[in-house]
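In what follows, a single structure is set out as C-alpha cells and then discussed.
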Amino acid sequence: MSDAHPNVYVSTGYRKWGMTTGTLAAMILSDAVQLKQNRYASLYSPNRFYANPSIATFLRENLNVSKHLLLGKLDLTNQSLDDLNTNEAIVFKHNGQRKGAFKDAENHIHIVDTTCTHLGCEVAWNDGDHTWDCPCHGSRFSYTGDVIEGPAETPLQTHDHSLFTNLDTKDDSSGW
Ligand code: FES
C-alpha cells in the first residue's frame, strides 16, 4: 500500500467486475507476498500512468452544469403575459423571480416557478413536447409542473394565474 506499510496490500475499484478482477487481484497479491513475478501486476499497480477518461467526462459535465446554472440565473428573458398565445409559453419575472407560463388549448394559463427542484438550475421551455426541461441533469416537468422525469422528485412550484392578472409582468427588479 505504501513504503510505510510494505506488507499491506490493497486491491480495489472493481466497478462491478469483482468476480473476475477480484480473483485476478488475489492471484497477483498471492504472488507479491511470495515475491514472485506476476505478468499482470502492472495492470493493477497504483503507480501505473492512467488518466481515467471518466474523470474528464465528470469535469466536463459539471462545468456544463455550472454554466447552465449561471446562465439560467442571468437570463434576461422577460416577456409579458399579454404576449402569450394559445399553446405557447413565455418566461417572465415577477418580484425578481423567474416564472414560466403556458397557455393551453382551452386558454387556461399555467404558471410555474422555473427553478428546478433538483439542484436549482433554471428550466427552459421545450416547445416540441410542451414541457419544462432542465439543462443541468435532464429533469423534465409537465406544463402543470409535475415531474415527468428525474432526477428531480418534487414538482415545480405552481402559481394561481389570477395572482398575476392585472399585474405588469414586465418587472424591472434586478433580483436575479
Ligand atoms: S438541477 Fe435540474 S435536474 Fe438537476
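The values are calculated or read from the model by the stated rules, or taken from the named source; none is laboratory data. Please read all numbers here as calculations on a predicted model, not as lab measurements. Backbone-built Cβ (ideal geometry, glycine too); neighbour counts: all protein chains shown. Just the protein is used for accessible areas: all its heavy atoms, side chains included, with ligands, DNA and RNA removed. Shrake-Rupley method; radii C 1.70, N 1.55, O 1.52, S 1.80 Å.
Within segment 111-129, does at least one residue satisfy the condition of being away from the ligand (no atom under 16 Å from the Cβ), assigned to a loop (DSSP other than H, G, I, E, B), open to solvent by less than 50 Å² (accessible area, probe 1.4 Å) and not assigned by TED's automatic domain parsing to the domain that holds Val65?
No.
For Pro135, work out the one condition from (1) assigned to a strand (DSSP E or B); (2) surrounded by fewer than 19 Cβ atoms within 10 Å (Cβ to Cβ) it doesn't fulfil.
Of the numbered conditions (1) assigned to a strand (DSSP E or B); (2) surrounded by fewer than 19 Cβ atoms within 10 Å (Cβ to Cβ), the odd one out for Pro135 is (1).
For segment 21-40, how many residues are over 16 Å from Pro6 (Cα atoms), in a helix (DSSP H, G or I) and open to solvent by less than 90 Å² (accessible area, probe 1.4 Å)?
6
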